[in-house]
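Structure first, then comments.
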Amino acid sequence: KLDPGELAHVVSLLNTTNNPNVLVGLETGDDAGVWHLGDGRALISTVDFITPVVNDARTWGRIAAANSLSDVYAMGGAPLFGLNLVAWNNDELPTELLSEVLQGGLDIAEKAGMAIIGGHSISDPEPKYGIAVTGEVDPDLVLTNSGLQDGQDLILTKPLGVGVITTAIKAGTVDDASLEAAIESMERLNDEASRVAVSAGVTGATDVTGFGLLGHLGKMAKASGMNAELYVDQIPFLPAARQYVEDGIVPGGTRRNLAWIADQVDAGSFSEIDLLLLADAQTSGGLVFGVDKDKSSDVCAELEELGVVAALIGETDSGEGKISLR
């Protein structure tokens, strides 16, 4: 993923649109674009692709597909159809392996009730796979970066540490329990978390992906005119993630994330290890959203009943986008 600071600069140079059909565009750095169709309907459009994060081709396909679908769920919508995006090294990798990748993507599409209706491929030295997804959402129930409100609890729906674990995979040092937990987390869709959030009246949400929890929450807090306080001890992490960071196994993207967001964060007495874990670059991470305090316990209980790892990790108050750790 591009350096978040450089990406923000590039996007800031793009012209925004005054088209009244654009409900969500470039202005707030949201997960996807939303186009109003009228009659209580709107389309969500998003695209994402990744390089391999695990060694098994079909598993990578499932993870990449779940990652691509996540932006639709982060906006409160449901996927309709997708177009495969493939970059493949024809000289080094057999096409049979690509078939496995695409079958993994189809596994997730079928689980999500989404059709794959086409795609595009190119030859590339480094393989990449993802999906351009079109979804649908009620225009009155769109979840956005700017939708956090004062005095809400913050809920996270997947453990952190995926970036650290996948780096350990590449280094050949990952243990079986951490690998299994990371794959299960990355393959899990955010559909149930999204539905519960929408039912609870949530308006501010994002998924925690390449910019880490601190980066994505920081963007959301700033867009909403809120500050966020994080209860660090209540944030869930994948097995051995902390140990790997202590051993120096940290993705380059995680370090860039922390450097980018550092000015927004009051770390208090927490260490660089804690900060790196909170800034860890995720693939197919969970949702983080704000919910009214009188609903948060019921929301967490409902998510837990569905098998979702739900944790109350902080709260909001009016401000300018600062994040404080306690």
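The values are calculated or read from the model by the stated rules, or taken from the named source; none is laboratory data. From a predicted model like this one, the values you see are computed outputs, not experimental measurements. Cβ sites come from the backbone with ideal geometry, for glycine too, and all protein chains shown count toward neighbours. Surface accessibility is based on the protein's heavy atoms, side chains included, excluding ligands, DNA and RNA. Shrake-Rupley method; radii C 1.70, N 1.55, O 1.52, S 1.80 Å.
Some observations on this one:
- The chain, accessible area per residue, ligands and nucleic acids excluded (1.4 Å, Å²): 43
- Within the listed set 63, 117, 155, the Gaussian network model of the chain (springs between alpha-carbon atoms below 10 Å) gives the highest mean-square fluctuation for 117.
- Positive contributions from Lys and Arg (+1) and negative ones from Asp and Glu (-1), summed over other residues with Cβ under 10 Å from the Cβ of residue 30, come out at -2.
- Vicinal HN-Hα couplings computed from phi for the range 238-248 (Karplus, 6.51 cos²θ - 1.76 cosθ + 1.60; Hz; Gly/Pro x): 5, x, 6, 4, 4, 4, 5, 5, 4, 7, x
- Ratio of Rg to Rh over the range 217-326 (Cα coordinates, Kirkwood Rh, two decimals): 0.96
- 5 angstrom amide H check on residue 319, placed H, neighbours 5+ away: 226, 227
- Annotation: amide H of residue 160 within the under-5 Å range of 237, 238, sequence separation 5 or more or interchain, hydrogens built in the peptide plane.
- Karplus (6.51, -1.76, 1.60) ³J(HN,Hα), θ = phi - 60°, over the range 309-326, in Hz, Gly and Pro reported as x: 6, 10, 9, 7, 10, x, 8, 10, 8, 4, x, 10, x, 7, 10, 10, 9, 9
- Near-label residues of the range 115-135 by backbone N, under 19 Å of a point 7 Å along Cα→Cβ of residue 45: 115-121, 130-135
- Greater than 29 Å apart at Cα, pairs in 158/293; 128/322; 111/322; 128/222; 293/322: 128/322; 111/322; 128/222
- Each residue of the range 269-285 is assigned a 3J(HN,Hα), and the resulting list reads 9, 6, 8, 5, 4, 4, 5, 5, 5, 6, 9, 4, 6, 9, 10, 6, x Hz, derived from the Karplus form 6.51 cos²θ - 1.76 cosθ + 1.60 (θ = phi - 60°), x at Gly and Pro.
- Expressed as a whole percent, the accessible surface of the range 195-275 that belongs to carbon and sulfur atoms is 47, based on a 1.4 Å probe.
- Max mean-square fluctuation residue, GNM over the chain, Cα-Cα springs under 10 Å, options 79, 20, 236: 20
- GNM on the chain, alpha-carbon springs under 10 angstrom: the most fluctuating residue among 52, 251, 127 is 127.
- Solvent-accessible area of residue 47, all protein chains in place: 80 Å² (probe radius 1.4 Å, heavy atoms, ligands and nucleic acids excluded).
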